[in-house]
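Asks: Below are the structure tokens for one structure; questions will follow.
The values are calculated or read from the model by the stated rules, or taken from the named source; none is laboratory data. From a predicted model like this one, the values you see are computed outputs, not experimental measurements. Heads up, the Cβs are rebuilt from the backbone with ideal geometry, glycines too, and the neighbour counts pull from every protein chain shown. In case anyone asks, the SASA skips ligands and DNA or RNA and just uses the protein heavy atoms, side chains included. Shrake-Rupley method; radii C 1.70, N 1.55, O 1.52, S 1.80 Å.
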Amino acid sequence: MAQDTTVPKLNFEYWLDKAIEWGQATSLESQKDVYLHLPQLQEFLHQLYETIKHLGSTVAIQQFPLIGQLLGRLCWNPFVIGYDQSQKTLMWCLCCLYSSEPQNAVELKANSWIRSLLCHLLCSSEWESNEAEISTFISALGYTSADYYCHLVKNMVISLVTELRENQFNGLKIQESTSASRVNAVSIFCVPLITLPDLTPLLETLLLYHGGSSKEILSSEFLEAVNEAFLKRKISLPESAVFSLWLRHLPSLEKATLHLLDQLFSIQLNSLEEVAHVIKDSLLPQAASHPAIFRTVNEIFKNALMETDGTSEVMTIIQVFTQLFLQAHQNEYKQHKFPLKAYFLYHHQPLVRALIRRPFELPTAYWSQHLKHISDMVKALVEDTNISSLTGLFEIWFLVACFGEWLDIAAEQLLKAAVEPDAMLWLLAFYYCPKNENQQRTQTMVEAEAVYNHLMMLFSHSDLSLKDLEAAIHRVTGIEQCCNQRLATHLLANFLLFSPCGHKLAQECIYHITKTTDTSKEIYNLLIRTAYRFNHSGEKNQRTVKLLNELLQKLTLKV
């Protein structure tokens, strides 16, 4: 038998010939030859793994068409898998060939074959018998090989879960029980098997596991794969495990938030109930009860808002998310609840407390007073000479915008209640035009006051015609600045919803506005926010609810 052990780097054909020659090393001569080559074989397997680990299963098989035959033969050679790190390296190589999303019957069959080999490798160190004895033992238990491997996986999972949980429960130093490298290895092993239902308890335990190391002990590949499978609904995990995943792996949290935004943009949502359902189903509002997650998600929302130039769709999503976050925070047990300051570190805390008060927590008679208080605080902050940068101004604006429910109520109160309009008009003007360069916000206030005064003159008319509204419509459609037009549209839409005679003209008037301006989405989002608040506030104005539904049906076709 050849004794030359000088093997060129990644001499694939050489080692395949050797594997075929050795078989399962049953003869003394073949066993001696295996022993002689084990160090070089282990080095080859390590190089092979380093070569294929970033290729993906399809490319790896294209580059090495006979890789399955080589690995399969080596996995059944007891001398190979018993040597040093060869068993582990074989497992990692097999993991690289596993198709996370098999596209055809061949890949499905290959995955099944790889799972069987992995199970074989996992139990091989516990067996000192040959294949025939193992098969006899399996048959004596009354199992087929497939059943046996299934039970083996379950038992392996139970064993690993018990080991990890006991290690945490006993508070032992990680070096004294389960090493960080072993936990890391287990997490890597799980990567190609993540979607197996039997593996879920182990995934949960790993995600909740925190050893004595200050560094992350789970592999990034594992964390990314779990997050991907969770987002695609291929696995189901307890909330605590998902929250732990996002806390320990920032890229997964970022991907989950962007996935939510993509999901909301890609489907037609006809109500905020649907928006709220999708957002709540993502678990992000619940996870945001941890301040680190909340602040990260908020930063991503800010970037999305700036990249989309402040579209009403993104702003509405952020506002619904904030409401769901507040619900989750209020439902937290007192001993687990973080103070509000932890979520809004650098903001004026009295303003935060005022904005966080939900409208339904106050009698409607106090809404105007509460809004004036908010407006006065925002104005004082904006006009503070210390707020000189656009970044500081944006942070104040974004905080107010997150609680947009109060802004919608401010626009309603201007028309429905006897209020002093200046404070509320200023708050709305700030929202729609936060910067005051070249007196932009001042001009917005002037135009908003003109629209508001005209609408109030018409509010109590018992018989209103479209001609009576022409001046207000002309002001809306003739305004050149986008922010001013959006505020004027907001006031006019509320007039049509809440004035005694506005209902009969609403459809025709809104049709005219959306035909001559680019405000369809703006009005649509205003209406679904109003409908959502009506559904959750207990208001029973059936006429307004009916009108909202009719207008939403009409506008759905436009947006």
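Asks: Out of the residues in region 46-70 that are open to solvent by less than 50 Å² (accessible area, probe 1.4 Å) and either charged (D, E, K, R) or closer than 18 Å to Leu108 by Cα (or both), which is modelled with the lowest pLDDT?
Replies: Gly56
Asks: Step by step: first the residues of region 18-44, then only those that are of a type outside the set (A, V, I, L, M), open to solvent by 60 Å² or more (accessible area, probe 1.4 Å) and over 19 Å from Asp84 (Cα atoms), then the one that is nearest to the chain's Cα centre (by Cα). Which residue is that?
Replies: The residue in question is Glu21.
Asks: Any residue at all in region 332-340 that's surrounded by 20 or more Cβ atoms within 10 Å (Cβ to Cβ) and in a helix (DSSP H, G or I)?
Replies: no
Asks: If you check every pair at least six apart or on different chains, which have Cβ atoms under 7 Å apart with a residue in region 53-73 that is in a helix (DSSP H, G or I) first and a residue that is of a type in the set (S, T, N, Q) and modelled with pLDDT under 90 second?
Replies: Ser57/Ser99
Asks: Residues in region 89-109 that are among the acidic types (Asp, Glu) and either in the same structural domain as Glu228 (by the TED database) or not in a helix (DSSP H, G or I) (or both): how many?
Replies: Of the residues in region 89-109, 1 are among the acidic types (Asp, Glu) and either in the same structural domain as Glu228 (by the TED database) or not in a helix (DSSP H, G or I) (or both).
Asks: Moving to a separate point now. Considering only residues that are touching a helix residue (DSSP H, G or I) at 6+ places or on another chain (Cβ under 8 Å), open to solvent by 30 Å² or more (accessible area, probe 1.4 Å) and assigned to a helix (DSSP H, G or I), which ones fall in region 341-366?
Replies: Within region 341-366, Lys341, Gln349, Pro350, Arg353, Phe360 meet the criteria.
Asks: Scan region 486-504 for residues that are at pLDDT 80 or above and assigned to a helix (DSSP H, G or I) and report the count.
Replies: Going through region 486-504 one residue at a time, the tally reaches 13.
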